Amino acid sequence: MSATRSLPAGLEAIAFDWGGVFTEGTFDSTAHARLAELHGLPAAAVEPHYLRLMEEFELGLIDLPEFHARFQAAVGGPSNLTEFRATFLGAVRERAAMYDLLASLPADLTVGVLSNNVPELCDLVRDDPRMRRVNAFVFSNEIHARKPDPAAYAALSAALNLPPSAILFVDDNPVNVAACRELGFVGLLLDDIPGFAARWRETLPDLPLPAAFPPA
């Protein structure tokens with residue numbers, strides 16, 4: 001079925017967040033725990049330092065070596081940059097069902113990704129063969145704006161060359177979904193797979209979900 005016949009009137013594209021959508025849980029929830037383990041520290045003690053530094057990292061204001069150096073200083077523990085990088089980038093826990101969904105979308109449907117992300121990690125996402133279906137990637141570190149900043153959504157609209165009203169955006173964060181709706185996008189929350197499947201079917205009744213999702 002063509003995209004024009006499978007989408008509700010007015011919609012022309014679907015865009016996805018990456019972390020928390022194509023991953024099980026947020027990337028940050030896994031990454032900060034793994035980095036805490038690397039440094040022999042409790043995850044709860046590391047999390048606030050990690051999140052504070054990630055804001056700058058995701059805005060493209062610092063690179064991975066500087067993130068590593070400042071992380072060490074903040075938590076008071078040393079680590080090797082090579083091991084730190086491997087631990088950080090290895091924190092991805094994939095949500096296979098969403099890759100199945102991406103592959104199932106009609107070939108003539110415009111697809112985008114809008115993600116708060118960091119340089120080396122966004123390269124892994126963009127270079128993943130399963131993500132070749134995506135027409136445009138918009139990463140916070142490259143546009144220097146993070147969701148829910150309206151500038152991030154404006155960059156997605158520009159990258160897809162479509163008005164917000166023509167784009168459905170999937171995100172795991174209710175704040176980001178609410179922000180995109182305020183700007184005229186159709187927002188779809190992914191909190192868990194059953195709930196997401198129900199919302200997808202209600203919003204996109206003519207765009208079937210693959211077998212990896214629970215039946216209606």
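Values quoted throughout were computed directly from the atomic coordinates according to the rules given, and no laboratory measurement underlies them. Treat the numbers as computed from the prediction; the structure is a model and nothing was measured. Here Cβ is always computed from backbone atoms with ideal geometry, including for glycine, and neighbour counts include all displayed protein chains.
For a quick check: with amide H placed at 1.01 Å from N, whose amide H comes under 5 Å from Ala15's, ignoring anything fewer than 5 positions away on the same chain?
Residues meeting the criterion, in which the H sits 1.01 Å from N, are Gly112, Leu168, Phe169, Val170.
Arrange the peptides 40-47, 105-112 so that the one whose residues have, on average, the most other Cβ atoms within 10 Å appears first.
My ranking of the peptides, most packed first, is 105-112, 40-47.
Go ahead and estimate [θ] at 222 nm for the chain from helices alone: -39,500 (n - 2.57) per DSSP H run with n ≥ 4, summed, over the residue count, rounded to 500.
That calculation yields -14000 deg cm²/dmol at 222 nm.
By counting other Cβ atoms within 10 Å of each Cβ, how are Tyr153, Tyr50, Tyr99 ranked from fewest to most?
Fewest-to-most Cβ neighbours within 10 Å comes out as Tyr99, Tyr50, Tyr153.
Arrange Asp206, Asp28 by Cβ neighbour counts within 10 Å, fewest through most, would you?
Asp206, Asp28
Rank these for me by crowding, Ser115, Ser165, going from fewest to most other beta carbons within 10 Å.
Ser165, Ser115
Which ³J(HN,Hα) values, rounded to whole Hz and listed in residue order, are derived for the stretch 55-64 from phi using the Karplus coefficients 6.51, -1.76 and 1.60 in 6.51 cos²θ - 1.76 cosθ + 1.60 with θ = phi - 60°, glycine and proline given as x?
Listing the rounded values in order: 4, 6, 4, 6, 8, x, 8, 9, 9, 4 Hz.
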